[in-house]
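Asks: This is the structure I have questions about; it appears just below.
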Amino acid sequence: MSFFERPPVRPPSEPRMPVWARGPEDMIPGVVPVALLVARTATHAVLIDNLLVYPTGFDFNLAVRRHPGHPRYPEHRWGHDLRLEVRFADGRTADNNLRRWPHPTGDQLPDPPLLYQSTSGPDGGHVWLWGLPPPGPLTFACHWPTEQIPPSQAVLDAGLILAAATRAQTLWPEDVSA
Amino acid sequence: VSASEPPEPPELPEELEPEVQYRRPAWVEPPADLVPGIVPVELILARTPERAIGLTGIRAYPTGFGCTLHLRLREDIPGEQSTFGAFNMFGDGVDPAGEFADYYLRVGVGFADGRKATNLDHRRDLDEIPAPDPPTLWLVRWEGYDRLAWEVDAWVYGLPPPGPLAFVVEWPARGIPETRVEIDAGLVLEAAARAVPIWPDPTRR
């Protein structure tokens, strides 16, 4: 017997992220084949880039670009970030206002759509949207008063999101499990 | 400057600002003034009973392309999380030829003319002069959640020549042999040609 006895495996105690706050971990997402220019001023632009879709929702980069002649970074101030709202064709909306972040109890799921911006800063951030849109126009609208970006929007055919959702791949289907 | 605006930093006088402002070089990130063309690739590069590596969403520009790596664990493996040793790709002081080399996930791209870029390449400084020859591979964003999933955005500086474009991974210590998935580089070249200027008026430069 070895001098060094291994302790029993102790499972991590960290709580799991709820299913509505992330894409399914056991899937590779489908890709929407376009990037959207949502806002443009003389000095700034806002892109929706890298739209990756799962059957439960989609995530994307909210990318702030600066004109090469005006590359100065702003002083980042908490609470002064770019405001983003996503609107479904049926009138439902979700935005990145943290004050509207839900606090469901137990296994209760919040009503989609729900927008969770996991990173935020002068370059924009990364966004997860819980819930797939119905067919029709899907609107991305933004507004950034501290950077003089007026209310602006771009529209995507939600069919592109729905088609990409069907291409998401399950990594370990039950019939090939080890 | 009105009283309601923040004062300019004294070390950046207004008239010198464009010249003195630090800008990251082209091999570090996509050009700021283009909307990329997208190649909707959805690849599973490697899959074992415990782990998987996917690659999606090529964003193509005339100077190179970005893509997203998806690192996945099927179940919790205490102590491992889902980083796949990936953090060692970003840290200083890592010797990829050293004793722990087999514990790092290796990621790379291979061009049809034999050129390649991997995360084991010599680490470069952002202000390196002259700029490295393409291709180079730079990891621009990483984000993990819930221990099972990790997303890494990579920027490949330099477009591939026509022919097969290979994405290669290997992780010796975790049972992932060298695995290569190829796509037609023409898809990336066509998407790069679809990149659109955000500010099309050149007199604004």
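Asks: Take the alpha carbon gyration tensor of chain A, find the square roots of its eigenvalues, order them as a ≥ b ≥ c, and report rounded if a/c is under 1.5; if not, report prolate when a/b exceeds b/c, else oblate.
Replies: prolate
Asks: Now a separate question. In Å² (nearest 100), what accessible area is buried between A and B, both sides summed, heavy protein atoms only, 1.4 Å probe?
Replies: Summing both sides, the interface buries roughly 4200 Å².
Asks: Filter the chymotrypsin sites (Phe, Trp or Tyr not before Pro) in region A:43-142 to those in DSSP coil with at most 13 other Cβ atoms within 10 Å of their Cβ, and list the result.
Replies: When the chymotrypsin sites (Phe, Trp or Tyr not before Pro) of region A:43-142 are filtered for loop state and at most 13 Cβ neighbours within 10 Å, A:Trp78 remain.
Asks: Give me the inter-chain shielding for B:60-68: mean count of other chain Cβ atoms within 10 Å, whole number please.
Replies: What the average comes to for B:60-68 is 1.
Asks: What is the distance, in nm, between label points placed 7 Å from the Cα along the Cα-to-Cβ direction at B:Glu75 and at B:Arg24?
Replies: About 3.9 nm separates the two model spin labels.
Asks: Provide the per-residue ³J(HN,Hα) series for region B:147-153, in order, calculated from phi with Karplus coefficients 6.51, -1.76, 1.60 and θ = phi - 60°, each as a whole number of Hz, with x at glycine and proline positions.
Replies: 6, 9, 9, 8, 10, 10, 8
Asks: Of chain A, which part is the longest with no GluC sites (Glu not before Pro) in a loop (DSSP not H, G, I, E, B) and with at most 12 other C-beta atoms within 10 angstrom?
Replies: Maximal segment without exposed cleavage sites: A:76-178.
Asks: Next up: Show the residues, 5+ positions off or on another chain, whose built amide H is closer than 5 Å to the amide H of B:Thr136.
Replies: Residues meeting the amide H criterion: B:Tyr157.
Asks: List the residues whose amide H sits under 5 Å from the amide H of B:Val41, counting only those 5 or more places along or on another chain, with H placed 1.01 Å from N in the peptide plane.
Replies: Those lying under 5 Å, H to H, from B:Val41 are B:Gly57, B:Ile58.
Asks: Gaussian network model of chain A, Cα springs within a sub-10 Å range: biggest mean-square fluctuation belongs to which of A:Gly159, A:Gly69, A:Gly121?
Replies: A:Gly69
Asks: OK, next. Residue-wise, which Karplus ³J(HN,Hα) couplings in Hz belong to region B:34-51, taking 6.51 cos²θ - 1.76 cosθ + 1.60, θ = phi - 60°, and x for glycine or proline?
Replies: Along region B:34-51, the couplings run 10, 8, x, x, 10, 10, x, 7, 9, 10, 9, 7, 7, 8, 10, x, 10, 9 Hz.
Asks: Whenever you get a sec, compute what percent of the accessible area on region A:25-178 sits on carbon and sulfur atoms (1.4 Å probe).
Replies: 53 percent
Asks: Using a Gaussian network for chain A with springs between C-alpha atoms less than 10 Å apart, which of these wobbles most: A:Asp123, A:Asp59, A:Asp26?
Replies: Taking springs between Cα atoms under 10 Å, the residue moving most is A:Asp26.
Asks: Shifting gears a bit: Compute the accessible area per residue over chain A, keeping the other protein chains in place, probe 1.4 Å, unit Å². Walk me through the numbers on the way to the answer.
Replies: Numbers: 9300 Å² over 178 residues.
It amounts to 52 Å² per residue over chain A.
Asks: To continue, here is another question. With axes computed from alpha carbons, what is the tilt in degrees of helix A:158-167 against the longest principal axis of chain A, rounded to the nearest 10 within 0 to 90?
Replies: 20 degrees
Asks: Here's something else I'd like to know. Across peptide A:116-127, how many C-beta atoms of other chains are within 10 Å of each residue C-beta, on average?
Replies: For this peptide, the per-residue mean of nearby foreign Cβ atoms is 1.
Asks: Run the quick spin-label model on A:Thr170 and A:His80: label points 7 Å from Cα toward the beta carbon, then report their separation in nm to one decimal.
Replies: The answer from the label model is 4.9 nm.
Asks: Name the long-range amide H neighbours of B:Ile198: under 5 Å, sequence gap of 5 or more, or other chain; modelled H, no Pro or chain starts.
Replies: B:Leu34, B:Val35
Asks: Want the number for B:Asp184 to B:Ala101: 0.36 nm per residue separation, take away the alpha-carbon distance, what's left?
Replies: 26.8 nm
The values are calculated or read from the model by the stated rules, or taken from the named source; none is laboratory data. All of these numbers come straight from a predicted model, not from anything done at the bench. Here Cβ is always computed from backbone atoms with ideal geometry, including for glycine, and neighbour counts include all displayed protein chains. In case anyone asks, the SASA skips ligands and DNA or RNA and just uses the protein heavy atoms, side chains included. Shrake-Rupley method; radii C 1.70, N 1.55, O 1.52, S 1.80 Å.
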